[in-house]
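Peer 1: Here you go, one structure.
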C-alpha cells in the first residue's frame, strides 16, 4: 500500500484547502485506521479497494463501538481521499460512494443550569492564570465559541468599544459576535494580567504559562480542573459551555435562526441537534395556543 499518498493528501488539505489542524488530525486518524485495515487485507494498491471492502471496514468500526457519527466522518474522509486520488488519475472509482454509516442516537453533553454557570464563572480571581481561565469560560458562554475559535483569537479580534469580536470558524469563514457584559469585565481583568504571561511579540489573546498561544488541550484541562475543584456535577469542558449557551439562548428567545447564526452553523438542522427544549414546556405552549389541541367537552 502506498502510504506516501496519504501524506500527499494531508499536505494538499493543509496547503490548498487550508483546513484547520483539528480537522487535519481527524482526516489523518480516519485514514491511518483505513490503512491498517487494508494492509491486513493484503491489498497492494488503493485502486484495489471495492465497496465490499469499505462495508467490511465500516462493520469493523461498528463492532469496535464507534458511534454512527464517527463512522460517517470516516466515510467522508475516505470519499475525500478518493476524490483526490481520482484527480491525480490514480483511481477510476470511489469505493465509499455508495456505503452508508449505521445510524446511532447522537449523544449530547448535559448543559449547565444558571446556578451552575454562576458558581463556575464567579470563581475567585487571584492571579493571571485564574483571570485567564475565567475570561476564556465567560467568552465561550457569552458568545457560543468553539474551542478552536477561542484559541485562535488574537488581540485585534476584539472590539471592546463595540462589545464584539470576530472569529474564524469552520471553513475559514469569519463571523462577528457580541460580547456580554460579564465577559467584557472578565476580558478587561485578564488584559490587566496578560503581560505577566505573554511574550513581548505574542498576538494571541489567550496564552499559556510559557507565554505562547494556549492550546486546545490546555483549555480542556483548565476547565476540567475548575469543574472538579468547584464540584460541578459532570465534566466541565468547552463544548458543554457552548451547548449551554445554545440551549439557554434558544429557551429564552425561541429564535432558532439567530442561534444558528451565533453558532456559525451552515445548516439549521445542526443547530436543532445542538439545542433542546423541554418537551413538557412545548406541550404546555401547544395546548395553550392551538385552537384544536383540546377535546371538546361532551354535552
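The values are calculated or read from the model by the stated rules, or taken from the named source; none is laboratory data. Note that the structure is a prediction, hence the values are computed from the model and not measured. Cβ placement follows ideal geometry from the backbone for every residue including glycine, while neighbour counts extend to all protein chains displayed.
Peer 1: Just to be sure, is residue 22 surrounded by 13 or more Cβ atoms within 10 Å (Cβ to Cβ), in contact with a helix residue (DSSP H, G or I) (Cβ under 7 Å, 6 or more places away or on another chain) and in a helix (DSSP H, G or I)?
Peer 2: yes
Peer 1: State which residue pairs qualify: first residue without any contact (Cβ under 8 Å) to a residue 24 or more places away in the chain and inside region 55-80, second residue surrounded by 15 or more Cβ atoms within 10 Å (Cβ to Cβ) and not in a loop (DSSP other than H, G, I, E, B) in any location, beta carbons under 6 Å apart, and separation of 6 or more residues or different chains.
Peer 2: Close Cβ pairs satisfying both conditions: 57/37.
Peer 1: Quick check on region 137-149. Is at least one of its residues touching a helix residue (DSSP H, G or I) at 6+ places or on another chain (Cβ under 6 Å), more than 27 Å from residue 251 (Cβ to Cβ), at pLDDT 95 or above and in the same structural domain as residue 250 (by TED's automatic domain parsing)?
Peer 2: Within region 137-149, none of the residues are touching a helix residue (DSSP H, G or I) at 6+ places or on another chain (Cβ under 6 Å), more than 27 Å from residue 251 (Cβ to Cβ), at pLDDT 95 or above and in the same structural domain as residue 250 (by TED's automatic domain parsing).
Peer 1: Which numbered condition in (1) surrounded by 14 or more Cβ atoms within 10 Å (Cβ to Cβ); (2) in contact (Cβ under 8 Å) with a residue 40 or more places away in the chain is the only one that residue 45 fails?
Peer 2: Condition not satisfied by residue 45: (1).
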